[in-house]
Amino acid sequence: QVQLVESGGASVQSGGSLRLSCAASGRISSAYIWGWYRQAPGMQRELVATATRWGSTMYADSVKGRFAISVDNAENAIYLQMNSLKPEDTAVYYCNLDQLSMTYWGKGTLVTVSS
């Protein structure tokens, strides 16, 4: 069993930066895809960024050039550096891990961006 715990959510002003963290406990396989998702009030959960074990990354168009996902394999942790935040980035951000045909989710951390 894998457990994911996010942290780092906060309230910031537009243009500010935040760094989200996700710590994983349990057995992490050598083949995986990490992801950050977000869900704004009244909206569906959407993909923000993914990173694979082999170093490839992918970003939603809305965050390209502003957000960066990184993985610390030694610590079983991932991060999301968010710069130039906008009010539309306001959401609960969830950590996600896909491995061995299983999907795991954290409980989320709230990011609020005020104008």
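The values are calculated or read from the model by the stated rules, or taken from the named source; none is laboratory data. What you see is a predicted model; the values in this text were computed from it and never measured. Cβ sites come from the backbone with ideal geometry, for glycine too, and all protein chains shown count toward neighbours. The area values use the complete protein model at the heavy-atom level, side chains included, leaving out ligands, DNA and RNA. Shrake-Rupley method; radii C 1.70, N 1.55, O 1.52, S 1.80 Å.
Some observations on this one:
- Legend: residues 90, 103, sorted from most to least accessible area (1.4 Å probe; ligands, DNA and RNA excluded), read 103, 90.
- Shown for the chain: the carbon plus sulfur share of the solvent-accessible area, taken with all protein chains present and a 1.4 angstrom probe, equals 49%.
- Pairs of Cα atoms nearer than 8 Å and 6+ residues apart set the relative contact order; for region 10-58 it is 26 percent.
- Rounded to the nearest 20, the size of the Cβ-charge dipole of the chain about its Cα centre is 20 debye, with Lys and Arg at +1 and Asp and Glu at -1.
- A full extension of the chain between residue 100 and residue 31 corresponds to an added length of 24.1 nm, given 0.36 nm per residue minus the alpha carbon distance.
- Relative contact order for the chain, counting Cα pairs under 8 Å that sit 6 or more residues apart, in percent: 37 percent
- In this simple spin-label model, placing a label point 7 Å from the Cα along the Cα-to-Cβ direction at both residue 17 and residue 74 gives a separation of 2.3 nm.
- In order along region 95-105, the phi-based Karplus estimate (6.51 cos²θ - 1.76 cosθ + 1.60, θ = phi - 60°) of 3J(HN,Hα) comes to 8, 9, 9, 10, 7, 6, 6, 10, 10, 10, 10 Hz; Gly and Pro are listed as x.
- Solvent-accessible surface (1.4 Å probe) assigned to residue 25 amounts to roughly 60 Å².
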